[in-house]
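Report on the structure given below.
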Amino acid sequence: MNYETVIGLEVHVQIKTRTKMFCGCATEFGAEPNTRVCPVCLGYPGVLPVMNEEAVRKTILAGLMLGCTINRFSKWDRKNYFYPDMPKNYQISQYDLPLCTGGAVGQFRLTRIHLEEDVAKSFHFERTSGVDFNRAGTPLMEIVSEPDLRSPEDAFQYLTTLKEILIAGDISDCDMEKGQLRCDANVSVRPVGQTQLGEKVELKNMNTISGVRRALGYEEQRQIAALERGGKITQETRRWDELAGKTFVMRTKEYAHDYRYFSEPDLMPVIVSDAFLAEIQRGIKELPEARRRRLVEQYGLPEYDAGVLVADTAVADYFEQAAAGSKNPKAISNWIMTELLPKFAENKISPAHLAELVAAIEAGRISGKQGKEVFAEMFATGQSPSAIIKARGLAQVSDAAVVEALCVQAIKANPKSVADYQAGNTAAINFLKGQVMKLSQGKANPQLAGEILARLLGGH
Amino acid sequence: MSLHTLTIHEARDRLRRGEVSARQLTQAVLDRIQAVDGKVRGYLWLNPEDALRQADAADVRLPLGGIPVAIKDVINVTGQPCTCASKILQGYVAPYDAFVIRKLKAAGAVLLGRTNMDEFAMGSSTENSSWGVTRNPWDLDRIPGGSSGGSAAVVAADEAIAALGSDTGGSIRQPAALCGCVGCKPTYGRVSRYGLVAFASSLDQIGPLTKDVRDCALMLNVLAGHDAMDSTSVPRAVPDYTAALGKDIRGLQVGLPKEYFLPGMDPQVETAVRTAVGQLASLGAEVVEISLPHSEYAVAVYYVIATAEASANLARFDGVRYGRRVVGDDVIEMYSKTRGDGFGPEVKRRIILGTYALSAGYYDAYYLRAQKVRTLIRQDFEKAFQKCDVMVTPTTPEVAFKVGEKSADPLRMYLSDIFTISANLAGICGVSVPCGLVRRLPVGLQILGPAFGEETVLQVAHAYEQATTWHQERPQL
């Protein structure tokens, strides 16, 4: 029998803010344990949360970039469960009225995006456990997809695109190693043609995007194999073991939590005003996919170039600044892709200088070969191309009278080549051109020299 | 006249005239505590040396400069215990000041010590304390009310010039009534809750317990105001609450809610309250009968909402980060042992009630429905306040009862708050002022005002107080 896999993803993303969601502590990765804490994020008796507006702003920005409906009225709820990494033993989250609903990542629809606070981090030692509360209270966005994904590859694509968008919007750095992006997956299989969904399994502990793909690949095969054997899939939560390359049962449905959600009485509802929304909208970043399309249309770049440039927002920005005043954006793109990209971080060349270099080559002031020399020095010193050309005396000689005099000199000195050429050996003209270059110490415009020599020797 | 019997304004006048020093005043109060607190047992924790140091440093020109104030054991003061009268917070030392404590310190008050209460403010008699029962100074066999019973008792017994309490369903007004002092529950959002250990977040409000209405206004002047650390505190200017005192109440409409005079109540209490209403009329107020039709549901609604919120608020007491920990073989066992051992029976009862009310399958029938009825109760008050400026009711249906009399029957105990609970559900303000003695036990008159109607409430309370002598009565200890 053929099976169809149905996948929905729940992605938690730490939002890039200076301070935590409900207190003034710094959101800082890697600090000494329990040094970025205060009575509020430690859940001390009597403290109250105060909402971080920047986190709300960035969540709405994410919603706008993903085409969500921004709910003008949303509210906070308490999600109740006991765990040592949860300082209050309830998490402030959003239950029935999240900030964003709908939207999509590529062709995959989103259900919602809501905002909440991250939990602390537990450490298990031989006989005891420890909790580091530095992470507790970090603003956390939960992005929930519809069960629209049909394969592990879809999940890979979904996560890659989502990550690209969130980075482009400066919403999160999405560093999975630092736990800034975490993904849980709901996965089920069903015979092709069946409308009813199969029993779903929740997968946890996938620490890389390719890990998600591998885990889903394993899990769909495991489920299909179980069904093929005549077995049943039970609704449960399974843990992905990266080393073993397998999933293992964590808990079954009987242990499902009743979170007893209710409205958080310590916080006011979030009212998104027209002005606030408009302000966020103004700051919205172009989505990578849209930018790729625009670079192709606006600058006439090949798809490939646009893709390479847009992969890094800073590189794409650099390109656009350089291309703005250039007649040859493709040449700019070539320079960036072949020369700049491998060492972009060390680049000292301003976009305007790169445009100037391309223009100098276009206009024949220097040759392409000289251009490479000039570029190398620009890269090392940050100087302008005109300054380097001048200092090195590189300017190409394109004065026809000067070049013609040199051509006449070369013809006189090499009668054999002239005879060869006139006998039909057209390649002989290259030798003469070489002599012109030699006489000019390499400065003569080679194209111009070729034209003049051909004219003087009589055309073919 | 002994210094400990002074009110804030009397003491302040003497301090400012230089007739007494802040140290002398604090010492007099400490002496009084030494003399009578063995009987009253209002205090859980005292630091006399620290109090005297604060007195020495006090600037008497400040609004509460040199005034000794007692703090209910539910409000955080840096460096002091804050146990909420619960074993589970044994050993916890507060690492920060509540907003109101910062305000009191800035106003020059001397923080005397911590007063007893029902555990986590859950109760009406202060019998639910892990640290023993506080006695009513008027009759040591009786309860002082609760949950701010310690604060009311020490003010009534002159063991503090004033005190802070918290009121979730009557926890300031009810003990104030039963101990014969003035207690005020401000409008929800008028006083910051930052640093008040939460019982029911949407109902809790800090307020003063004082010897007279002027003192109440002076305390409110200091306590009220917006706090960025409490998102539910209201950014609204704070008036001078003493400005309304002494103003004529002629022509003011005083509403008498017909649902607040119940057949089961003590007839002598009813007589005292009706007499007080007559006195207000004779001062020129116009008494109008009003109706609050959803009153009968208030207690039920309260015990769903308050317990639901409490079930989450008290979840943080788990032995992981502070307070008492009872070790177990694993974390679940540590939780259950810590909480099983640390919480008293009433607190457990309410956590279980609240957990149940929020559970899947019951949420709609209990919590959601209670929220809807709460809205109806609030609307009752909004409508009624279109017809009157303030409302007058008994604070409690009866006078202080005997220790142990109701402890076996939680439902009877819950009814002690039947007249005070609605104000918390509606978020409005109210005070209780002494209006009589029944068998030598104080009776309280509750005056309720609309949201941010504190000035009118205090104006009426003050007019009544000045026309009577009940506030001058003192228990014999």
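The values are calculated or read from the model by the stated rules, or taken from the named source; none is laboratory data. Quantities reported herein were computed from a predicted structural model and do not represent experimental measurements. With ideal geometry, Cβ positions are generated from the backbone for all residues, glycine too; neighbour counts draw on all protein chains shown. These area figures cover heavy atoms from the full protein model, side chains too; ligands, DNA and RNA do not enter into them. Shrake-Rupley method; radii C 1.70, N 1.55, O 1.52, S 1.80 Å.
Mind giving me the FRET efficiency for residue A:177 and residue B:369? R0 is 56 Å, r the Cβ-Cβ distance, nearest 0.05 is fine. Show your work: numbers first, answer last.
On the way: r = 48 Å, r/R0 = 0.86.
Approximately 0.70, to the nearest 0.05.
Which percent of the accessible area of the stretch B:3-251 is formed by carbon and sulfur heavy atoms (probe 1.4 angstrom)? Don't skip to the answer; put the middle values down first.
Numbers: 3200 of 6630 Å².
Here carbon and sulfur together make up 48 percent of the probe-accessible area.
With all protein chains present and a 1.4 Å probe, how do A:268, A:1 order by accessible area, largest first?
Working: A:268 105, A:1 155 Å².
Ranked list, largest accessible area first: A:1, A:268.
Scan around residue B:45 for amide H atoms under 5 Å from its own, H built in the peptide plane at 1.01 Å from N, and keep only partners 5 or more places away or cross-chain.
B:114
Per DSSP H run of at least 4 residues, take -39500 (n - 2.57); add these up for chain B, divide by its residues and hand me the 222 nm value, nearest 500 deg cm²/dmol. Spell out each step's value before the answer.
Numbers: 15 runs with 172 residues, N = 477.
Result for chain B: -11000 deg cm²/dmol, rounded to the nearest 500.
Taking each pair of different alpha-carbon atoms in the stretch A:297-440 once, compute 1/r for the pair, average those values, and report the inverse of that mean as the Kirkwood hydrodynamic radius in Å to one decimal. Don't skip to the end; give the middle numbers.
Values: mean 1/r = 0.0575 Å⁻¹.
Hydrodynamic radius (Kirkwood, Cα pairs) of the stretch A:297-440 is 17.4 Å.
Under Stokes-Einstein, with the Kirkwood radius over Cα pairs standing in for Rh, what whole-number D in µm²/s applies to the stretch A:400-457 at 10 °C and 1.306 mPa s? Mind showing how you got there, number by number?
On the way: Rh = 10.9 Å.
Here the translational diffusion coefficient equals 146 µm²/s.
Rounded to the nearest 20 Debye, what is the dipole magnitude of chain A about its Cα centre when Lys and Arg each give +1 and Asp and Glu each give -1 at the C-beta? Numbers along the way, then the final one.
Working: 55 positive and 57 negative charges, 208 e Å.
Taking the Cα centre of chain A as origin, the dipole is about 1000 debye.
Just grab the label-to-label distance for residue B:236 and residue B:409, each label 7 Å out from Cα along the Cβ direction, in nm (one decimal).
It is 4.0 nm.
For peptide B:317-324, what's the mean number of Cβ atoms from other chains within 10 Å of each residue's Cβ?
Numbers: counts 3, 8, 1, 12, 9, 5, 1, 0.
For peptide B:317-324, the averaged partner shielding equals 5.
Does the stretch B:60-153 classify as rounded, prolate or oblate by the C-alpha gyration tensor (a ≥ b ≥ c root eigenvalues; a/c under 1.5 gives rounded; else a/b over b/c gives prolate, otherwise oblate)? Intermediate values should be presented prior to the final figure.
On the way: a/c = 2.82, a/b = 1.40, b/c = 2.01.
Oblate is the answer for the stretch B:60-153, as a/c is 1.5 or above yet b/c matches or exceeds a/b.
What shape does the stretch B:190-329 take by its C-alpha gyration tensor, where a ≥ b ≥ c are the square roots of the eigenvalues and a/c under 1.5 counts as rounded, a/b above b/c as prolate, and the rest as oblate?
Note, shape of the stretch B:190-329 comes out oblate.
With only alpha-carbon pairs counted, each pair once and no self-pairs, how large is the Kirkwood hydrodynamic radius of the protein assembly as shown in angstroms? Please list the in-between numbers first.
On the way: mean 1/r = 0.0303 Å⁻¹.
33.1 Å is the Kirkwood radius here.
Place a point 7 Å from the Cα of residue B:268 along the Cα-to-Cβ direction; which residues of the stretch B:130-163 have their backbone N under 15 Å from it?
Those under the cut-off are B:138-139, B:142.
Can you give the extra length, in nm with one decimal, that the chain gains between residue A:125 and residue A:204 once fully stretched, where that is 0.36 nm per residue apart less the Cα-Cα distance?
Working: separation 79, 0.36 × 79 = 28.44 nm, distance 2.19 nm.
Gain on extension, residue A:125 to residue A:204, equals 26.3 nm.
Express the Stokes-Einstein translational diffusion coefficient of the stretch B:318-477 in µm² s⁻¹, to the nearest whole number, given a Kirkwood radius over alpha-carbon pairs, 20 °C and a viscosity of 1.002 mPa s. Intermediate values should be presented prior to the final figure.
Working: Rh = 19.5 Å.
Rounded, D is 110 µm²/s.
Shielding of A:264-270 by partners, i.e. mean partner chain Cβ atoms within 10 Å per residue? Walk me through the numbers on the way to the answer.
Details: counts 5, 13, 10, 3, 2, 0, 0.
If you average over the peptide's residues, the count of other-chain Cβ atoms is 5.
Can you tell me the dipole magnitude for the stretch A:3-278 around its Cα centre, using point charges on the Cβ only (Lys, Arg +1; Asp, Glu -1), in Debye to the nearest 20? List each step's numbers first, then the result.
Numbers: 34 positive and 38 negative charges, 67 e Å.
Dipole of the stretch A:3-278, to the nearest 20 debye: 320 debye.
Roughly how many nanometres apart are two label points built 7 Å out from the Cα toward the Cβ at residue B:300 and residue A:81?
A separation of 3.4 nm, rounded to one decimal place.
Using packing as a proxy for protection, rank B:298-304, B:9-15, B:274-280 so that the peptide with the highest average count of other Cβ atoms within 10 Å comes first.
Averaged packing, sorted descending, gives the order B:298-304, B:9-15, B:274-280.
Among the lysines, which have Cα under 26 Å from the Cα of residue A:79 when same-chain residues fewer than 8 positions away are ignored?
Residue A:79 reaches A:16, A:20, A:58, A:88, A:121, A:178, A:200, A:204, A:253, B:337, B:348, B:372.
Find how much the distance from residue B:243 to residue B:261 grows on full extension, using 0.36 nm per residue of separation minus their present alpha carbon separation; answer in nm with one decimal.
Working: separation 18, 0.36 × 18 = 6.48 nm, distance 3.23 nm.
Extending this stretch completely gives an extra 3.2 nm.
Evaluate the charge dipole of the stretch B:116-178 about its Cα centre and quote only its size in Debye, nearest 20, assuming +1 on the Cβ of each Lys and Arg and -1 on the Cβ of each Asp and Glu. Numbers along the way, then the final one.
Details: 3 positive and 8 negative charges, 20 e Å.
Here the size comes out at about 100 debye.
At 1.4 Å probe size, what's the solvent-accessible area of residue A:111? Round to the nearest 10 Å².
Roll a 1.4 Å probe over it and residue A:111 shows about 50 Å².
What total accessible area, in Å², is buried where chains A and B meet, using a 1.4 Å probe and rounding to the nearest 100?
Numbers: alone 23190 and 17210 Å², together 37690 Å².
Counting protein atoms only, the buried area is about 2700 Å².
Residues with amide H under 5 Å of residue A:27's amide H, sequence separation 5 or more or different chain, H placed in the peptide plane at 1.01 Å from N; which?
Result for residue A:27 returns A:19, A:20.
I'd like to check one number: the per residue accessible area of the protein assembly as shown, probe 1.4 Å, reported in Å² as a whole number.
Numbers: 37690 Å² over 937 residues.
Per-residue value: 40 Å².
For the stretch A:53-89 and the stretch B:103-152, write down the distance between their C-alpha centroids in whole Å.
So the separation of the two Cα centres works out to 40 Å.
Please list 3J(HN,Hα) in residue order for the stretch A:295-302, calculated via the Karplus relation 6.51 cos²θ - 1.76 cosθ + 1.60 where θ = phi - 60°; whole Hz, with x for glycine and proline.
The phi angles translate into 4, 5, 6, 6, 10, x, 7, x Hz.
Work out how much length residue A:362 to residue A:10 would gain on full extension: take 0.36 nm times their residue separation and subtract the Cα-Cα distance, in nm to one decimal.
Numbers: separation 352, 0.36 × 352 = 126.72 nm, distance 5.21 nm.
Between residue A:362 and residue A:10, full extension yields an extra 121.5 nm.
Could you look at chain A and say what percent of its accessible area is carbon and sulfur, using a 1.4 Å probe and all protein chains? Could the numbers behind the result be given before it?
Numbers: 11340 of 21790 Å².
Carbon with sulfur: 52 percent of the solvent-accessible area.
How long are the semi-axes of the equivalent ellipsoid of the stretch A:25-101, defined as square roots of 5 times the Cα gyration tensor eigenvalues? Whole Å, largest first. Numbers along the way, then the final one.
Details: eigenvalues 140, 56, 25 Å².
The answer is 26, 17, 11 Å, longest axis first.
At a Förster radius of 41 Å, what calculated FRET efficiency corresponds to the Cβ-Cβ distance of residue B:333 and residue A:197, to the nearest 0.05?
Numbers: r = 38 Å, r/R0 = 0.93.
It comes to 0.60.
To the nearest 0.05, how large is the calculated FRET efficiency for residue B:45 and residue B:275 if R₀ is 41 Å and r is the Cβ-Cβ distance? Could the numbers behind the result be given before it?
On the way: r = 40 Å, r/R0 = 0.98.
For residue B:45 and residue B:275, the calculated efficiency is 0.55.
Determine the alpha carbon to alpha carbon distance for each of B:39/B:402; B:185/B:402; A:327/A:443 and list only those over 19 Å.
Working: B:39/B:402 15 Å; B:185/B:402 25 Å; A:327/A:443 24 Å.
As for pairs spanning more than 19 Å Cα to Cα, those are B:185/B:402; A:327/A:443.
When the Kirkwood radius is taken over all Cα pairs of chain B, what Stokes-Einstein diffusion coefficient follows at 4 °C and 1.567 mPa s, in µm²/s?
Rounded to a whole number, D works out at 59 µm²/s.
Using the Cα centre of chain B as origin and beta-carbon charges of +1 (Lys, Arg) and -1 (Asp, Glu), tell me which of B:93, B:292, B:130 is placed farthest towards the positive end of the dipole.
Of B:93, B:292, B:130, it is B:93.
Mind checking the mean number of beta-carbon atoms from other chains within 10 Å of the Cβ atoms in B:193-200?
4
Along the positive direction of the dipole of chain A (beta-carbon charges: Lys, Arg +1; Asp, Glu -1; about the Cα centre), which of A:263, A:422, A:355 reaches farthest?
A:422
Using Cα-Cα distances under 8 Å and only pairs 6 or more residues apart, what relative contact order does the stretch A:178-313 have, in percent?
Values: 133 pairs, mean separation 21.0, N = 136.
Here the relative contact order equals 15 percent.
Looking at the square roots a ≥ b ≥ c of the eigenvalues of the Cα gyration tensor of the stretch B:3-251, which shape do they give, rounded for a/c under 1.5, prolate if a/b is larger than b/c, or oblate? All intermediate terms of the calculation are to be shown ahead of the outcome.
Numbers: a/c = 1.25, a/b = 1.06, b/c = 1.18.
Because its axes are fairly even, with a/c under 1.5, the stretch B:3-251 counts as rounded.
Count charges around residue B:82 for me, please; just the other residues with Cβ under 9 Å from its Cβ, Lys/Arg as +1, Asp/Glu as -1. Walk me through the numbers on the way to the answer.
Values: positive: B:114; negative: B:73.
It works out to a net charge of 0.
Label points 7 Å out from Cα along the Cβ direction at residue B:21 and residue A:253: separation in nm?
7.7
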